[in-house]
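Contents: one structure, followed by commentary.
Computed from the coordinates by the stated procedures, all read-outs in this text should not be read as laboratory data. All of these numbers come straight from a predicted model, not from anything done at the bench. No Cβ is skipped: glycine too gets one built from the backbone with ideal geometry, and neighbour counts run over all protein chains shown.
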DNA sequence: GAGGTTAGTGTAAGCGCTTACATATCACTG
DNA sequence: CAGTGATATGTAAGCGCTTACACTAACCTC
């Protein structure tokens, strides 16, 4: 059994290139400060040894990582994928790297992930939604890690957010649905325990109902975990309630697609027998058949602006400012007026 | 303007708790070695200061990170999400953390990501597919970072893989399709340039055709980038070729769903006018209408086994062994016999 | 040709942590 | 009660890197 060859370090490179470690460091990080010939020798040594700088050591010496952490509730089902992609692309143009973690919609896991990303030296964090344990915000302050909230917008929260008003968006949609004559409504909501967007969307419907003079009790409410199958099960439950709903709101498109499928399986016509409304406007919404009526979220714009804001904060010290984006209603084929 | 409060370090905790840094370190990492009373004092100091250990410094001192890197081609569309989730879950039970990066199906980006994860101290790497620049494998050897390949299986490759035989799986499916009477075939393939799974699937179809006495020329071939819309466009192209194909294979379910949609838009009946076959069996496949006939990939099992293998390698020095899993055919509603 | 730049390089301290080793206590044991 | 072992803690070196500062040599400038 041969002994492991040691992993090459800066010093090994320096020895091989016959220069000091300082020069190697400079050759790598600011090539302009080094004579061309020296640079060449260093590069050759790097290549020959298969040298890779130790990120941890570097981070320790310069005291920043050029890394920004993002924690999203889920990686499945692409709800956050598009926005994150834009976020990452934007960061990249500014020289930052994104580190990503997912919390499975659990507050305790999210907290763990926050601590882990901070430990890994994230220079800043992107978080989804405002609501979380105040202790963790205190911790972030102690660690001096700035936080930007997205997928939500609340100018009054103590952390800046770049996003849209979930409640207002859903309220607009609900108002339209009510205007079309629907009176018996249902909502299949994602779990609201640690998801302030879900509660806001719920509140939006209630608010629209209130404006239209409907009673909160007129809304059948089913709460379920995330997933297509879960949406299907919830739909079956909702459609069985009395009086039977003529319009079923879903907290997100994934649940809506599940609902749509189950409706088909039950022989219930959409939108003739029942209307189904989603939220998010992910790609799935267009592919579904019939194509889903939903609330369009400006994923890419949100991600891009968030990346820009954070890069500018870190790079130029420009403070984070709340930015409100508009969600819009997308009417496709799953919503129809209620004939009376 | 107040000056930034310094970020608390081990030493700050030590001072506050009136012990040495060594004791704090022990109190945190092996509480059993520290007197209960001391431990309490340390914990209080940690909480009070909002202390978080510096991961980089720790990694440097212990020379490992308990972190495993995974690089997947894409985060959109959830193809890899389920497998990765299982991978992560398994790693977690062994005390490892997963770091994830996506390469957008680009070889150069993947190489960058590999270097970045290695720099960050990944103790091992999970990679999709065997094929990549030999230099990068050399680099990984120099850095002494073990690699496990997945989503593919090739016992003859010089790196161990845990996955399935893409060619054989697609060949099985193609044989069935041919047996059903289809003679005019088309394949909408993902880009094969840096995607050995895509080429293997292509090869599988050709192989089945060969067995059945068909000519390779009888397969219309369209290559496209990843995405639902891309699948739709490619389908329109494929269906216009002469002789008109009666069965269209797709390199993955995402392309297949796009094809399905375009077929509907063009008024082409599936499976009466044309059969459409996917690959992967992601959730989307069941939701599509008609439900997609596809090749089921054992995502979860693959992820779990990969995680286990890596954890055992790192923890107990158990060498990685290639493991072949079986992909299976799932017949749903988009494939029908060809009436002659 | 003395004085002043500038470019290129080296020396060494220090980033925050772990851990081998040394030391100090204390409770037994025979 | 000297000797032993267990338990708890401290001291200090070292992990791989960056960078302030110091130094040298070459090149101007007047």
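Summary of computed values
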read-out: Per-copy distances of the residue A:269 label point, shortest first, in nm (7 angstrom along Cα→Cβ); value: 2.0
read-out: Once the Cα gyration tensor of region A:127-232 is diagonalised, semi-axes √(5λ) in Å; value: 31, 16, 11
read-out: Degrees between helix A:196-211 axis and first principal axis of chain A (Cα, 0 to 90, nearest 10); value: 30
read-out: Rg ratio (alpha-carbon, reference 2.2 N^0.38 Å) - region A:193-247; value: 1.22
read-out: Closest Cβ on chain A to the rotation axis that carries it onto B (distance rounded to whole Å); value: A:56, 2
read-out: Among B:158, B:273, B:218: highest mean-square fluctuation, GNM of chain B, C-alpha pairs under 10 Å; value: B:158
read-out: Copy-to-copy label separations for residue B:216, where each label sits 7 Å from Cα toward Cβ, in nm and ascending; value: 7.0
read-out: Nitroxide proxy distance, nm - points 7 Å out along Cα→Cβ at residue B:212 and residue A:241; value: 5.1
read-out: Other protein chain Cβ atoms within 10 Å, averaged over every residue that makes up A:48-58; value: 6
read-out: Using alpha-carbon coordinates, inclination of helix B:166-179 to the longest axis of chain B, degrees; value: 20
read-out: Inverse mean reciprocal Cα-Cα distance (Kirkwood Rh) of region A:10-53, Å; value: 9.8
read-out: Crossing angle, helix A:81-93 versus chain A [Cα axis fit, 0-90 degrees, rounded to tens]; value: 30
read-out: Sorted by Cβ density within 10 Å, fewest first, the residues A:277, A:318, B:79; value: A:318, B:79, A:277
read-out: Relative contact order (percent, whole number), region A:166-297, Cα cutoff 8 Å, 6+ residue spacing; value: 24
read-out: Against the rule of thumb 2.2 N^0.38 Å, how large the Cα Rg of the protein assembly as shown comes out; value: 1.05
read-out: Gyration tensor (Cα) of region B:76-168, equivalent ellipsoid semi-axes in angstrom; value: 19, 18, 14
read-out: Kirkwood hydrodynamic radius (C-alpha pairs) into Stokes-Einstein, chain A, 20 °C and 1.002 mPa s, D in µm²/s; value: 95
read-out: Order of B:63, A:39, B:106 under a 10 Å beta carbon neighbour criterion, fewest first; value: B:63, B:106, A:39
read-out: Expected 222 nm ellipticity per residue - DSSP helices of 4 or more, -39500 (n - 2.57), all of the protein assembly as shown, to 500; value: -14000 deg cm²/dmol
read-out: Overall form of region B:162-211 per C-alpha gyration tensor (a/c, 1.5; a/b vs b/c); value: oblate
read-out: Anisotropy class of region A:166-297 from Cα gyration tensor, a/c 1.5 cut; value: rounded
read-out: Longest to shortest principal axis, alpha-carbon extents of region A:46-105, angstrom; value: 43, 22, 21
read-out: Binned Cα-Cα distance frequencies in region A:1-115 - 10 Å width, integer %; value: 12, 28, 25, 21, 13, 1
read-out: Three semi-axes of the equivalent ellipsoid, region A:274-324, Cα gyration tensor, whole Å, largest first; value: 35, 10, 5
read-out: Relative contact order of chain A, pairs being alpha-carbon contacts under 8 Å that are 6 or more residues apart, as %; value: 16
read-out: Neighbouring partner chain Cβ atoms per residue of A:91-102, average, 10 Å criterion; value: 2
read-out: Label point 7 Å beyond Cα along the C-beta direction, distances from residue A:115 to other copies (nm, shortest first); value: 3.5
read-out: Footprinting exposure proxy for A:225, B:93 (fewest neighbouring C-beta atoms within 10 Å first); value: B:93, A:225
read-out: Sequence-separation-based contact order of region B:10-53, relative, with Cα cut under 8 Å and 6+ spacing, percent; value: 41
read-out: Two-decimal ratio, region B:249-292, of alpha-carbon radius of gyration to 2.2 N^0.38 Å; value: 1.01
read-out: Candidates B:305, B:214, B:117, ranked by Gaussian network fluctuation over chain B, Cα under 10 Å, top entry; value: B:214
